Every structure is written in structure tokens, then in C-alpha cells.
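The values are calculated or read from the model by the stated rules, or taken from the named source; none is laboratory data. The shown structure was predicted, so the numbers you read here are calculated from the model rather than taken from an experiment. A quick note on method: Cβ atoms are made from the backbone with ideal geometry, for glycine too, and the neighbour counts reach across all protein chains shown. The accessibility values were calculated without ligands, DNA or RNA, using every heavy atom of the protein model including side chains. Shrake-Rupley method; radii C 1.70, N 1.55, O 1.52, S 1.80 Å.
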Amino acid sequence: MSAFAGLHRAGDPLLLPCAWDHASALALAGRGFRAVGTTSLGVAAAAGLPDGASATRDETLRLALALGREPFPLSVDAEDGYSDDPDEVGEFARRLAAAGAVGINLEDALGPVDRHAAKIAAVRSAAPGLFVNARTDTYWLRAGEDDGRARETARRLDAYREAGAHGVFVPGLTDPGRIADLLTHLDVPLNVLYSPAGPSLPHLTDLGVHRVSLGSLLYRRALGAALEAAADIGAGRVPGGATPSYDEVRDLR
């Protein structure tokens, strides 16, 4: 088991904040988080590109190259691997691992199960040391009756686990009962996406979740804080909230 894999523990889940650039990653690591992830939305939006459209392969690799040698474990959100060709996905994963990343997140976007499983197998072959977090979007992209989604989720995750995924990720799943049911079905770590409207971190810990990702939340909160500060100044108010100093940000290198 890798050191990063060992951070995925029931009763003490890995809280994974997700950065979008060098400064945000170093600032988060400096607050003591055990690992840092990346957010595909943040990377895409910062580059003026669409998220979830396989448009940010180069930007994601550049960020991994910038962060991979820093003294914290890095897991990279690679959308769907930026290709439908499993060999190309495997090669991209190899380059992430060479850059120093220890984990990769791969989403199925509700595409064919066998294709996503083939991507996972290709990543395991090309980058054996990389922790593969296999994401299914059954709760993220598909509405519908919960029992049907639960069955589809289990079917997809079984295939991804059999293909070699080290852990599985179900963003959009927030119902505590459904999370508990899924945990009884799994023999690999379960990652959920934190939602302000969903269970708190202590509740997720009690349920036995192994990893809690923050996804794009921090990036969106940062944008919201910037807009609020600009509005406050325009209205003659002193903006509230924490503001790192110029020197603190300059030293994030």
C-alpha cells in the first residue's frame, strides 16, 4: 500500500482540498492538509476553457509539473483522461506520475462501462504507483429514481474495481442512508464530494467514508469572496474576511 493510499481510512477520512494553481495548492498545504487535489473546473475556468470537455489536458499537465515535486501528496483531477483511447489515457497518467503526482481521478461521464474500465486498466499498467480514484456520475449527471441509480452505481463501481481502481468516487451522493448502503457493498475506499447541503464532515466520518473531496467549492468560494470584496469597496465598506498579505502570497513559490 502506498503512503497516499494509507490516508484513505474509515473513521479518519482524507479531507482533500482542491487547488487550481500553484499558490492555492501551497497555501492549502501550508495549513496542514495531508494531501492536495486539483479541481478541473478551476483549472478550466482560469484558462478560459470549458470544464468536462477534454479541453484542459495541457493545462492540467502543466499544473502537475508545477506541483508534483512539492512536499505534499498530489492527486490530479484528469476529467475522463482527455481521450477515449485507453492507451492515450495511460500515457497521460504515466506523465502525471513522472511529474510527481501520486493519484489520479478519472470520471466516466456516464459513458460505456467497458471503456472506462479499459482506461483504468491502462492507467494501472502505465503508472502502477498511481492511486486510481474511479468516479461514476450516476448521481452527478443523472436524475431519477434512487433505487435505479443505486443499482447502476453498484454495477459501474464493481466493473471499475475489477479493472483495478484503488478507490471509487460518487459525487452528488449525499443521502446518509445511501452512502451507508454503498459502503457495505464496497471493498475499496469510498470518496464522496462534500456539499454544504449534505452531511457534515463528522457525519461522513461516522458513516465510514474514506475520503471527502472539496471539488470546485474552494475555487467558487474564492470567486465569491472577490466579488463581495469589490462590492463592499464600491459601497464604501471595508471588506471582511481573511486577506493574506502581499508578502505571504509572494512567498508561495
Report, ordered by the first and then the second residue, all pairs with beta carbons closer than 8 Å, sequence separation of six or more or different chains, a first member in segment 125-143 that is farther than 20 Å from V113 by Cα and without any contact (Cβ under 8 Å) to a residue 40 or more places away in the chain, and a second member that is in a loop (DSSP other than H, G, I, E, B) and open to solvent by 30 Å² or more (accessible area, probe 1.4 Å). L130/V102
Hits in segment 26-44 (condition: more than 16 Å from the chain's Cα centre (by Cα) and either closer than 19 Å to R220 by Cβ or open to solvent by 50 Å² or more (accessible area, probe 1.4 Å) (or both)): A27, G30, R31, G32
Going through segment 195-205 one residue at a time, which ones are without any contact (Cβ under 8 Å) to a residue 24 or more places away in the chain, touching a helix residue (DSSP H, G or I) at 6+ places or on another chain (Cβ under 9 Å) and open to solvent by 50 Å² or more (accessible area, probe 1.4 Å)? P196
Filter segment 5-25 down to residues that are closer than 19 Å to L96 by Cα, surrounded by fewer than 21 Cβ atoms within 10 Å (Cβ to Cβ) and either touching a His at 6+ places or on another chain (Cβ under 9 Å) or among the aliphatic types (A, V, I, L, M) (or both), then give me how many there are. 1
Restricting attention to segment 55-79, report how many residues are surrounded by 21 or more Cβ atoms within 10 Å (Cβ to Cβ) and either under 18 Å from R135 (Cβ atoms) or in contact with a Leu (Cβ under 8 Å, 6 or more places away or on another chain) (or both). 11
If a residue has to be of a type in the set (D, E) and surrounded by 15 or more Cβ atoms within 10 Å (Cβ to Cβ) to count, how many in segment 154-174 make the cut? 1
Restricting the search to segment 123-149, which residues are over 18 Å from E162 (Cβ atoms), open to solvent by 10 Å² or more (accessible area, probe 1.4 Å), within 22 Å of the chain's Cα centre (by Cα) and not small (G, A, S)? Y139, W140, L141, R142, R149
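Matching residues to (1) over 29 Å from G52 (Cβ atoms); (2) in contact with a Leu (Cβ under 7 Å, 6 or more places away or on another chain); (3) open to solvent by 70 Å² or more (accessible area, probe 1.4 Å); (4) of a type in the set (D, E, K, R):
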position	(1), (2), (3), (4)
L182	no, yes, no, no
H185	no, no, yes, no
V192	no, yes, no, no
Y219	no, yes, no, no
L223	no, no, yes, no
A231	yes, no, no, no
P244	yes, no, yes, no
L252	no, yes, no, no
Only one of these is farther than 30 Å from D175 by Cβ and either open to solvent by less than 40 Å² (accessible area, probe 1.4 Å) or under 15 Å from the mean Cα position of the chain (by Cα) (or both): G52, G90. Name it. G90
Looking only at segment 4-33, how many residues end up being farther than 25 Å from D80 by Cα and either polar (S, T, N, Q) or outside any helix (DSSP H, G or I) (or both)? 7
If you go through segment 117-129 one residue at a time, do you hit one that is under 21 Å from R62 (Cβ atoms) and not in a helix (DSSP H, G or I)? yes
